[in-house]
Amino acid sequence: MCSCRSYFTNNKMNKKSLIIGGGLLLAVITAVLIYIIVMNITPAPEASAVAVVSAQPKTISGKEGAALKDAAAQAFQGDDSAAISNINKILERDPQSQQAETALFLLGSIYEKQNDLLKAKDAYQKIIEKFPSSNNLMRAQEAIDNLNVKMLFSSQASPNSFMYEVVKGDTLTKIAKKFGTTVELIERSNNLKNGNIKFGKKLKITKYKFSIIVDKSQNILTLKADGDVFKTYRVSTGKPSSDTPAGTYKVINKIVNPPWYPSAGGVIKSGDPKNVLGTRWLGLSKEGYGIHGTVEPESIGKSVTEGCIRLKNSEVEELYAMVPEGAEVLIVD
């Protein structure tokens, strides 16, 4: 039994000048340029693009290698149009090459810098589709996961959202309940402060129906939107003596900065280092169990809990904002 039972019952990097002497390999030049470009855009593509170039320097050569270097230099100088043109030429001439794979990472990074999130996601998705045997699929999927959340939290309209006009008597709680979403998500995707809304205001509302699958064998929590993978998280689950119970449940309550009522008695307030629940709690319909944060982030990925599902605080806060009460949670062995 989870010890939470009684809870129920009671860089950005500054641009630098590059002074490069002759004789350096083209792969090194390309890696450095892409590194600097992407460090000014977003951390996820940076890791991807640099890793691809660094791990396979022999492939960054010849005509396509020179074109990739040019594209990286142009993007670094702020000439995104020229960079995109060069990248598209690489993709047209040799769409299955390693240069093409690296070019797609760079293309996604450029679109992220421009805040064109749909095009950025499409670039990363093409990596998965065109290079199914690549060692960089996980990096591409992580970039897509992060973009999914970024698009959801942004005020940009998307095919998976609609605009709702506030009527008299509306509150954020009423609107969230009406459309099966959360107050936090409405606030974040509409840049609202203090929950204030006015009659006639138009709000971006998600169409997604979220659900969760927890795979205990892998210690992975998968957030799904309308049945499709939206983002995955590393979690901790129950140790052998306090196994997380498999089954299908519902999220029945949610609490910000929850107090913890340990089985030994008493109450430990939020913020106390001894409070194991972290910053968020999503209670399950299985009494005494829930999804929560942690004060031990180093434990994530291990089977060490008293039965609950544990995430890093930053990630449970993200999940909390997306998942409404009533969402289905499937736990599998």
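The values are calculated or read from the model by the stated rules, or taken from the named source; none is laboratory data. The shown structure was predicted, so the numbers you read here are calculated from the model rather than taken from an experiment. All Cβ positions, even for glycine, are placed from backbone atoms using ideal geometry, and neighbour counts span all protein chains on display.
Descriptive notes on the structure:
- Condition met for LYS198 (more than 26 Å from the chain's Cα centre (by Cα), modelled with pLDDT under 95 and within 30 Å of ALA157 (Cα to Cα)): yes
- In the set (1) assigned to a loop (DSSP other than H, G, I, E, B); (2) buried (at least 20 other Cβ atoms within 10 Å of the Cβ), GLU112 fails one condition alone, (1).
- Candidate set from the range 193-233 (those that are on the phi > 0 side of the Ramachandran plot and out of contact with any Phe, Trp or Tyr (no Cβ under 9 Å at 6 or more places or on another chain)); member that is surrounded by the fewest Cβ atoms within 10 Å (Cβ to Cβ): ASN194
- Condition check for GLY301: part of a strand (DSSP E or B) and more than 14 Å from ASP243 (Cα to Cα): no
- SER236 vs. criteria of a type in the set (Gly, Ala, Ser) and in contact with a Pro (Cβ under 8 Å, 6 or more places away or on another chain): no
- Count of the range 295-309 residues, restricted to those that are buried (at least 24 other Cβ atoms within 10 Å of the Cβ) and under 18 Å from LEU319 (Cα atoms), is 2.
- Checked against (1) over 26 Å from GLU184 (Cα atoms); (2) crowded, with 16+ Cβ neighbours inside 10 Å; (3) under 20 Å from the mean Cα position of the chain (by Cα), GLY278 passes all but condition (1).
- Qualifying residue in the range 61-78 (condition: surrounded by 15 or more Cβ atoms within 10 Å (Cβ to Cβ), out of contact with any strand residue (DSSP E or B) (no Cβ under 6 Å at 6 or more places or on another chain), polar (S, T, N, Q) and at pLDDT below 55): no
- Among (1) loosely packed, with under 15 Cβ neighbours inside 10 Å; (2) part of a helix (DSSP H, G or I), the one test that GLU315 misses: (1)
- Test: residue in the range 201-212 that is over 25 Å from VAL166 (Cα atoms) and touching a strand residue (DSSP E or B) at 6+ places or on another chain (Cβ under 9 Å): yes
- When each of GLY326, GLY290, GLY238 is tested for being closer than 18 Å to ILE213 by Cβ and exposed (fewer than 15 other Cβ atoms within 10 Å of the Cβ), the lone residue that passes is GLY326.
- For the range 118-137, a residue qualifies if it is surrounded by fewer than 18 Cβ atoms within 10 Å (Cβ to Cβ) and within 21 Å of LEU152 (Cβ to Cβ), and the qualifying residues are LEU118, LYS119, ASP122, GLN125, ILE128.
- Considering SER299, SER314, SER303, the condition of being of a type in the set (Ser, Thr, Tyr) and out of contact with any Lys or Arg (no Cβ under 8 Å at 6 or more places or on another chain) is satisfied by SER314 alone.
- Taking the criterion of being surrounded by fewer than 16 Cβ atoms within 10 Å (Cβ to Cβ) and either in contact with a helix residue (DSSP H, G or I) (Cβ under 8 Å, 6 or more places away or on another chain) or basic (Lys, Arg) (or both), the residues of the range 244-264 that qualify are LYS250, VAL256, SER263.
- Selection within the range 260-285 - of a type in the set (D, E, K, R) and in a loop (DSSP other than H, G, I, E, B): LYS269, ASP272, LYS274
- Matching option when the condition is more than 16 Å from LEU319 (Cα to Cα) and among the basic types (Lys, Arg), among LYS202, LYS254: LYS202
- Boolean, ILE268 is surrounded by fewer than 20 Cβ atoms within 10 Å (Cβ to Cβ), β-branched (Val, Ile, Thr) and modelled with pLDDT under 95: yes
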